[in-house]
1. How large, in percent, is the carbon and sulfur part of the accessible surface of the range 2-131 at a probe radius of 1.4 Å?
2. Rounded to the nearest 500, what is the chain's calculated 222 nm mean residue ellipticity when only DSSP H runs of at least 4 contribute -39500 (n - 2.57) each, over all residues?
3. How big is the gap, in Å, between the Cα center of the range 34-107 and the Cα center of the range 250-295?
4. Can you pull the accessible area of ASP51 for me, 1.4 Å probe, Å² to the nearest 10?
5. Nothing charged except the Cβ atoms of Lys and Arg (+1) and of Asp and Glu (-1): what's the magnitude of the dipole of the chain about its Cα centre? Round to the nearest 20 debye.
6. Which order do you get for ARG191, ARG198 if you rank them by accessible area with a 1.4 Å probe, largest at the top?
7. Excluding ligands and nucleic acids, what accessible area in Å² is computed for GLU138 using a 1.4 Å probe, to the nearest 10?
8. Give me the percent of the accessible area of the range 153-278 that comes from carbon and sulfur atoms, probe 1.4 Å, all protein chains in place.
Amino acid sequence: MFPLQGVQMLQTLEKSLRKSLPESLKVYGTVFHMNQGNPFKLKALVDKWPDFTTVVIRPQKEEMIDDFDHYTNTYQIYSSDLKNCQEFLGSPEVINWKQHLQIQSSQPSLNEVIENVAATKSVRVKQTQCFLYMMVNEVKKLVPSLLDGKKLSPSEGKPNTINQEMFKLSSLDVTHAPLVNKFWHFGGNDRSQRFIERCIRTFPTFCLLGPEGTPVSWDLMDQTGEMRMAGTMPEYRDQGLISHVIYFQTQALEKLGFPLYSHTDKNNKIMQKMCYKLNYIPMPCDWNQWHCVPL
């Protein structure tokens, strides 16, 4: 195990991961933010340097004080050598398998690796797979070959117009975390709310305020640079509000140079249509998350 320290090493890692997109996307996005000040206090571990084959991003140990907080105890993984990866993940210095934790990756091929290691550690694993999307301008910049043969939306990536007298573009406050938490598919508990509060404090957020001056539609960004936790109040759905939020979020984050990507549930046809309309390009690999619980 080799912990990467210093700006130069992390910048070299980011450049190396860029060559492996889109399979390295989840890790690439995380390392990008580590190079922008590392607001989540993450660290990068590799099997060797500079010719690494496996990289794991994880919080500092002092951050992982709650054994049941899998939102904080989250690891991002990319590997070009699955056999080596299995050995690497088995080390207690790399992953603390005694905690409730999450593993995230853009590599579905890691499923067997993670299940094999978890079995030796007496850990139950539940995998979630979703469609992975990247903004068209990011694809043009990072992996232009993925645009070959792709049919783009005739809307040119723009959302439908909304009543701008009724809805005002704004940002979220930490006091809005309970609302986001209530409608987040992976949330709904105290630990997820703390995670949402941290994301709101740390990263740019976007929402539409309704007639009452409270958020009716919103979207956040997490420590991996992914746009997540989007939601709309039930009484304001089917008006295209979330596409409006995401469009302006994309415009703002693109100016900051952030890698823009997101995931969508494979059964969520509405969000899939929205991704097409906004010119989000489906990736050939999946968004993967493994929820791991010690037995």
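The values are calculated or read from the model by the stated rules, or taken from the named source; none is laboratory data. Predicted model, so just to flag it, every value in this text is computed and none were measured. Every residue, glycine as well, gets a Cβ built from its backbone with ideal geometry; the counts of neighbours run over all protein chains shown. Just the protein is used for accessible areas: all its heavy atoms, side chains included, with ligands, DNA and RNA removed. Shrake-Rupley method; radii C 1.70, N 1.55, O 1.52, S 1.80 Å.
1. 47 percent
2. -9000 deg cm²/dmol
3. Their Cα centres are 21 Å away from one another.
4. Rounded to the nearest 10, that gives 110 Å².
5. 380 debye
6. ARG191, ARG198
7. 10 Å²
8. 50 percent
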